[in-house]
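What follows is a single structure, written as structure tokens, with notes after it.
A short reminder: the numbers here are calculations on the coordinates, not readings from a lab. Quick caveat, the model's predicted, so the values are computed rather than measured. Positions of Cβ are generated from backbone atoms using ideal geometry, with glycine treated the same way; all protein chains shown enter the neighbour counts.
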Amino acid sequence: MMELLSDPQVWILLLTLSTIEIVLGIDNLVFISIAVSKLPSEQREFARKFGIAVACITRIALLLTLAWLAGLTSDLFTVAGRGISVRDLVLLLGGAFLVVKGVLEIRELVLGDHDAGDPSGKVATSFAMVIAQIAVIDIVFSLDSVIAAVGMAGDYVPVMVAAILISVGVMLLAARPLGQFIDRNPTIKMLALAFIVLIGAYLIAEGLGLHIPRGYVYGAMGFSALVELLNLWAKRRAMRQVLPH
């Protein structure tokens, strides 16, 4: 362990892996914020922290099964002349889940559908479903980053675990402000749901062997976010001019 701490390359590797985990964890934060917004306000903070803790455990569990992950590219069966691996199945199923989830949430926002009924029963079910969704989607989101980390770090498992813990710490700090910002701005929530659908489509394409550079996806998301921020800025300036000083 002391040899690792004294090696400058290990520190550079830790910084690189931590940056990758944090950047790839942004879309996970968006999903967590959307998921916990379905719960009553008094339960959101606990669900947010608990969900991130579960996500941390699932990500480390993936990391500690590197021997199994190394064989994910082996074909299980063939469809239309193309081999399908475990990794492809995870990406396809996870992408389909994101697309369906995002579309249903967008439909609810547009139509204003809200289920009526016993709140207590709904809260218990919704809390369990929210945590389960966060755990499942973190597996999907972290699969590529874990595989990339394995390729970069090789046998440095402690370094990879440390990078995950650092990224989870950043998520814990950023989750609440991000969630509150999305709650205060419904149009941001719609944009975030559109991002979820886009990411789902990207995962499906990857599962089908259609490799799309991540830069294109994040570039489109960044441009859309910039346009939305300009809209929010213009809206607030207009409100300041209308309100009496």
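List of remarks:
- Simple label model, 7 Å out from Cα along Cβ direction - L173 to F46, nm: 2.6
- Residues D88, D75, arranged from fewest to most other Cβ atoms within 10 angstrom of their Cβ, appear as D75, D88.
- Summing Lys and Arg as +1 and Asp and Glu as -1 over all other residues whose Cβ lies under 15 Å from the Cβ of A135 gives a net charge of +3.
- Simple spin-label estimate for R240 and I57 gives 4.7 nm between the two label positions (7 Å along the Cα-to-Cβ direction from each Cα).
- Counting beta carbons within 10 Å around each of F46, F31, F77, F127 and listing the fewest first gives the order F77, F46, F127, F31.
- Per-residue Cβ neighbour counts within 10 Å put L226, L165 in the sequence L226, L165, beginning with the fewest.
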